[in-house]
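Undergrad: Pasting a structure below so you can have a look.
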Amino acid sequence: MRIVLLGPPGAGKGTQATILSEKLGVPHISTGDLFRANIGQGTPLGVEAKKYLDAGDLVPSDLTNRMVEARLGDADAGSGFLLDGFPRTIDQAEALEGILQRLGVKLDAVLEFQVDEDVVVERMLARGRDDDKEDVIRNRLRVYREETRPLLEHYKSLEVSVDAVGEVDEVNGRAMTALGK
Ligand code: ADP
């Protein structure tokens, strides 16, 4: 299955993606994780991306799109993937359509994790990643509202939603049901 995960930062997409990846037998591809790996290894892409992650801003789409195209072309993504953190803008959604067309494949579903903003702020402050500081979190939520939320309308025909508030297993059960599994 080829699935895009949507939802605000802190919605638990990464946690759910790890479990879904195992159950569905497709790789979890997280743009945030790919950026963090590049930053950790000090690659040119990482050096460029770091300032955006530190501020909670979006990394420019040309860099992001190229990184995603390369990753989706890897052999393990041939039979499917869970895309987490991409697309985050309408432009990126259009870029993804181009990438999938070149690969000759189509998305099966867009899985939306629904959760209120006050819940995600609490979760992120508890998680304490480098970019989980209150002002950076606030900026990421603003970017989500302005840039990413319009994707819900864009993907309406492919979309299934799950209530993302609850125990990890419970939310996972809802996600599997929503995907018809
Ligand atoms: P969260 O879901 O908590 O926002 P992510 O790991 O998905 O965490 O993203 C962390 C950061 O990585 C973002 O704030 C942004 O700087 C960068 N990033 C991730 N995905 C994208 C993307 N599709 N386009 C641009 N920047 C991205």
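The values are calculated or read from the model by the stated rules, or taken from the named source; none is laboratory data. Model, not experiment: these values are computed from the prediction. Cβ: placed from backbone, ideal geometry, glycine included. Neighbour counts: every protein chain shown. In case anyone asks, the SASA skips ligands and DNA or RNA and just uses the protein heavy atoms, side chains included. Shrake-Rupley method; radii C 1.70, N 1.55, O 1.52, S 1.80 Å.
Undergrad: Distance cut-off 24 Å, Cα to Cα: go down the list LYS50/LYS156; LYS106/LYS181; LYS50/LYS106; LYS23/LYS106 and report the pairs above it.
TA: Long pairs (Cα-Cα over 24 Å): LYS50/LYS156; LYS50/LYS106.
Undergrad: So between TYR52 and GLU147, what do we pick up on full extension, going 0.36 nm a residue minus the alpha carbon distance?
TA: 32.7 nm
Undergrad: Along each of its three principal axes, how wide is the spread of alpha-carbon positions in region 93-181, in whole angstrom units, largest first?
TA: The Cα atoms of region 93-181 stretch 41, 29, 22 Å along their principal axes.
Undergrad: Now a separate question. Keeping all protein chains in place, calculate the accessible area per residue for region 46-152 (probe 1.4 angstrom), answer in Å².
TA: On a per-residue basis, region 46-152 sits at 52 Å².
Undergrad: Give me a comma-separated list of calculated 3J(HN,Hα) values for region 19-25, in order, Karplus coefficients 6.51, -1.76, 1.60 applied at θ = phi - 60°, integers in Hz, x for any Gly or Pro.
TA: For region 19-25, the Karplus curve yields 6, 4, 4, 5, 5, 8, x Hz.
Undergrad: Which one of ALA175, VAL120, ASN65 is farthest out on the positive end of the charge dipole of the chain, using unit charges on Cβ (Lys, Arg +1; Asp, Glu -1) and the Cα centre as origin?
TA: ASN65
Undergrad: Expressed as a whole percentage, what fraction of the accessible surface of region 1-86 belongs to carbon and sulfur atoms when a 1.4 Å probe is rolled over the protein heavy atoms?
TA: Carbon and sulfur: 54 percent of the exposed surface of region 1-86.
Undergrad: Most mobile of GLY40, GLY78, GLY104 per a Gaussian network model of the chain (Cα springs, under 10 Å)?
TA: GLY104
Undergrad: Using the Karplus curve 6.51 cos²θ - 1.76 cosθ + 1.60 with θ = phi - 60°, what ³J(HN,Hα) values do you get for each residue of region 157-165, in whole Hz, with x for Gly and Pro?
TA: 6, 9, 8, 10, 10, 10, 6, 9, 9
Undergrad: Working out 0.36 nm times the residue gap between VAL105 and SER79, then minus their Cα-Cα distance, what length gain in nm do you get to one decimal?
TA: Separation in residues times 0.36 nm, less the Cα-Cα distance, equals 8.4 nm.
Undergrad: Now for a separate question. What distance in nm separates the simple spin-label points at GLU134 and LEU158, each placed 7 Å from Cα in the Cβ direction?
TA: Result: 3.8 nm between the two label points.
Undergrad: Considering only the other residues whose Cβ falls under 12 Å of the Cβ of ARG149, what net charge follows from Lys and Arg at +1 and Asp and Glu at -1?
TA: Spelling it out: positives minus negatives among the neighbours equals -2.
Undergrad: Let me check I have the definition right: for the chain, take the eigenvalues of the Cα gyration tensor, multiply each by 5, take square roots. What are those semi-axes in whole Å, largest first?
TA: 22, 21, 15
Undergrad: Normalise the Cα radius of gyration of region 38-90 by 2.2 N^0.38 Å (N = residues in it) and let me know the number.
TA: 1.22
Undergrad: Tell me which residues come under 5 Å, amide H to amide H, from PHE81 once H is placed; ignore anything under 5 positions away on its chain.
TA: Residues meeting the criterion, in which the H sits 1.01 Å from N, are ARG2, ILE3.
Undergrad: Trypsin sites (Lys or Arg not before Pro), restricted to region 70-145: which are DSSP loop and have at most 10 other Cβ atoms within 10 Å?
TA: Of the trypsin sites (Lys or Arg not before Pro), the ones in loops of region 70-145 whose Cβ has at most 10 other Cβ atoms within 10 Å are LYS106.
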